[in-house]
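The values are calculated or read from the model by the stated rules, or taken from the named source; none is laboratory data. Just so you know, these numbers come straight off a predicted model, no measurement behind them. No Cβ is skipped: glycine too gets one built from the backbone with ideal geometry, and neighbour counts run over all protein chains shown. Each accessible area value is taken on the protein alone, full model and side chains, heavy atoms only, with ligands, DNA and RNA left out. Shrake-Rupley method; radii C 1.70, N 1.55, O 1.52, S 1.80 Å.
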Amino acid sequence: MRRLRMVVEWSQGSPRRYAWKEGRLVLVGQDRPAPVNYGLVPGLQNPADGEEVDAVFLGPPLPPGSLVEGEVVGLLALADQDHKLLLAPGPQALDKEALAPLLAWFAPERQPRLLDPEEAWAWVESLGARG
């Protein structure tokens, strides 16, 4: 199994955006409601921005601050290389129609596209993670 843990910073459907700073949540403001549970993988650095890797957890809304483990089911690849991991409770095929709101959430110039679990895990391994 290829599973990772993430911290939810932004709950699906909520405009309230938090950031995980020094082990706690800090409210950073309001934005468009998130189409997914959005957060980060603690300890895994993204070379594109020097921050922890962003991740989304597919499924029902989770409260900000939730630490959740999920199966790596894909990658939202962006032109600027600030990719987002897609996690789910268990293995599942990516439903491109259901993920359309997530793709539309990113500016068109970032050219969001979905990659499969194998490509996602290869990217994770390129960052030095082994699961």
> Give me the pairs: first residue in region 3-30 and without any contact (Cβ under 8 Å) to a residue 60 or more places away in the chain, second residue acidic (Asp, Glu) and surrounded by fewer than 17 Cβ atoms within 10 Å (Cβ to Cβ), beta-carbon distance under 7 Å, and six or more apart or on different chains, which are they?
Replying inline: Pro15/Asp31; Arg17/Asp31
>> I'm trying to understand the selection: among the residues of region 86-131, which are open to solvent by less than 70 Å² (accessible area, probe 1.4 Å), over 18 Å from Pro35 (Cα atoms) and of a type in the set (Gly, Ala, Ser)?
In response: Gly90, Ala120, Ala122, Gly128, Ala129
> Among the strands (runs of 3 or more DSSP E) confined wholly to region 8-67, which include 1 or more residues that are in contact with a Ser or Thr (Cβ under 7 Å, 6 or more places away or on another chain), at pLDDT 95 or above and open to solvent by less than 50 Å² (accessible area, probe 1.4 Å)?
Replying inline: 37-46
> Does region 22-40 include one or more residues that are at negative phi and in contact with a helix residue (DSSP H, G or I) (Cβ under 6 Å, 6 or more places away or on another chain)?
Replying inline: yes
>> For the structure I just gave you, tell me whether Gln81 is among the polar types (S, T, N, Q), touching a residue at least 12 places away in the same chain (Cβ under 8 Å), within 17 Å of Arg110 (Cα to Cα) and loosely packed, with under 13 Cβ neighbours inside 10 Å.
In response: yes
> Within region 82-102, how many residues turn out to be farther than 26 Å from Gly23 by Cα and either among the β-branched types (Val, Ile, Thr) or more than 12 Å from the chain's Cα centre (by Cα) (or both)?
Replying inline: 12
> Among the residues of region 93-112, is there at least one that is within 13 Å of Arg5 (Cα to Cα) and without any contact (Cβ under 8 Å) to a residue 40 or more places away in the chain?
Replying inline: no
